[in-house]
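My questions will all concern the structure given below.
The values are calculated or read from the model by the stated rules, or taken from the named source; none is laboratory data. The structure displayed is predicted, hence computed values, not measured ones. So basically every Cβ, Gly included, is an ideal-geometry build from the backbone, and we count neighbours across all protein chains shown. Side chains included, ligands, DNA and RNA excluded: accessible areas come from the protein's heavy atoms. Shrake-Rupley method; radii C 1.70, N 1.55, O 1.52, S 1.80 Å.
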Amino acid sequence: MRHDLLTEVFHMAFQTLRTNKVRSALTILGVVIGVMSIVGMTSLVRGLDESLQDSIRQLGPRSIFVARFSGMSLGEGGDFRSLIRRPNLTLGDADAINRAPSIALADVTFGIGGPPQLERVSYRGERTKPLQVLGTTENFLRVTVVDLHYGRFFTASEVERRRPVVVLGQTAYQVIFEPGGIDPIGKTIRVGPDDYTIIGVTGPRASPGGFNVGVDDFVVIPESTYRKNFGIKDVRFPFGRGFSMQAMMITAVAHDDVPMSEAIIDVEEVMRIRHGLTLDQPNDFDVLTQDAVLTLFGQISDATFLALLVLSSIALLVGGIGVMAIMMITVTERTREIGIRKALGARRREILMQFLTEAVTLTLAGGVIGVAFGAAIGVGVHLVTGFPLALPWWTFAIGLSFSTAVGVFFGMVPAVRASRLDPIEALRYE
């Protein structure tokens, strides 16, 4: 098709749409809603996804986590009843891992990896909500992303002697001491039934997605003090008998010059030997790394994104059906015009291109408006609620591509019908 003729076809298509403004607006409404949903939800979902991935990356690229069981096992289809019957981790496990040649340091943390120890913190009549009590060693700050804002962390001597010292998380500090401008260092507080002396306060931790999910709702005490005061919990589920379940996790940090794959193999070998597993028996513990968690989360995120994309496409499907219906009506109304054009020498492909261009122009205009509205919704939600936001260029490309594809697919039938009209019969049409 010649360039000047193609330009004329586009001009006629735009002129027709401009003449029927109300009809055109109602026709593209479904397309606008569909594209707006795709762009809006994609921007919010991807924003949350990036925020959560940033939080996961804070685990540390050289850290290896050993747990009785975790969400990885459940995500891979593990049976919960079998998982909860796995043996508890022990301090001996951590000590053995610490002696592995590829491991620079291994630390234990009680209070995670199982039923948490929740206790209220109180001081002179002020009380917090139940906070998680963690028991760990003097190496805690070396294997986590927690920083100290005030005071110090406990020493190896304090751990060995089971000293009643505590390091507060930001929640306890902000509730009890910050409003009155009180220096917490050296103060005696009650954590549950026992008294502790405050020696430090941790800084605020990044919250996944920017939400208040309680990442600072904790206090830290020496692991020896934790075992003395809280011990091992006896857990009972509705099925089966009660069993001993210790909330404990081991964190190992690999040497900088050792590949992570080698360090993971060493950790697994140590644990399998200590648990007496044969070659044909699977691990009765979980080994996690930052990369493994990111991979699992990426699979879940991609599946969620695809599901949202399919749901949003339903509105585009409805909009496309509306476009086809309106274009069929348009072809009927302009039968005589088509006959005149054919009588003057217009070819079938030119008629086809004209009506197809009208359909694509309709849906593309809906796509542009939908992209603008979807981005505005995402930005608005972000400004009002602080929900994380991401607007990658491919989000707009998906919206515009989908709208164009809808125009081509649903505009083809009426365009073909128009191009096949017999000119004599068309001229007789009233």
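How large is the accessible surface per residue of segment 77-165, computed with a 1.4 Å probe and reported in Å² as a whole number?
51 Å²
Next question. Sort 215-221, 85-91, 161-167 by the packing proxy (mean of other Cβ within 10 Å over each peptide's residues), most packed first.
Result, highest mean first: 215-221, 161-167, 85-91.
While we're looking at this one, here's another question. Lys and Arg at +1, Asp and Glu at -1: add these up for the other residues within a Cβ distance under 11 Å of GLY180 and post the number.
Values: positive: ARG124; negative: GLU126, GLU178, ASP183.
The answer is -2.
Going by amide H atoms built from the backbone, whose H comes under 5 Å of the H on GLY135, apart from near neighbours?
Answer set, sorted by chain and number: PHE110, GLY111, ILE221.
Can you list residues from other chains, or at least 5 along the same chain, whose modelled amide H is less than 5 Å from the amide H of VAL165?
Excluding prolines and chain starts, which carry no amide H, the hits are THR197.
Sort 123-129, 359-365, 24-30, 401-407 for me by packing, meaning the mean count of neighbouring Cβ atoms within 10 Å per residue, highest on top.
Put in order of decreasing packing, that is 359-365, 401-407, 24-30, 123-129.
Name the shape class, rounded, prolate or oblate, that the alpha-carbon gyration tensor gives for segment 113-206, where a ≥ b ≥ c are the square roots of its eigenvalues, rounded holds for a/c under 1.5, and otherwise prolate holds if a/b is larger than b/c and oblate otherwise. Mind showing how you got there, number by number?
Details: a/c = 1.32, a/b = 1.26, b/c = 1.05.
Rounded shape, in that the Cα axes give a/c under 1.5.
Starting with the highest mean, order 275-282, 370-377, 348-355, 39-46 by the number of other Cβ atoms within 10 Å, averaged over the residues of each peptide.
On the way: 275-282: 9.1, 370-377: 20.6, 348-355: 18.8, 39-46: 22.2.
Final packing ranking: 39-46, 370-377, 348-355, 275-282.
Could you work out how far apart the two model spin labels at ILE265 and ASP302 are, taking each label as a point 7 Å from the Cα in the direction of the beta carbon, and quote it in nm?
Inter-label distance under the simple model: 2.7 nm.
Kindly state, to the nearest 0.05, the FRET efficiency for HIS255 paired with LYS187, given R0 = 41 Å and r defined as their beta-carbon distance. Don't skip to the end; give the middle numbers.
On the way: r = 40 Å, r/R0 = 0.97.
Here the calculated transfer efficiency is 0.55.
Which whole-Hz couplings ³J(HN,Hα) result when phi for each residue of segment 123-133 is put into the Karplus expression 6.51 cos²θ - 1.76 cosθ + 1.60, θ = phi - 60°, listed in order with x for Gly and Pro?
Using θ = phi - 60°, the values come out as 7, 6, x, 8, 9, 9, 5, x, 10, 6, 9 Hz.
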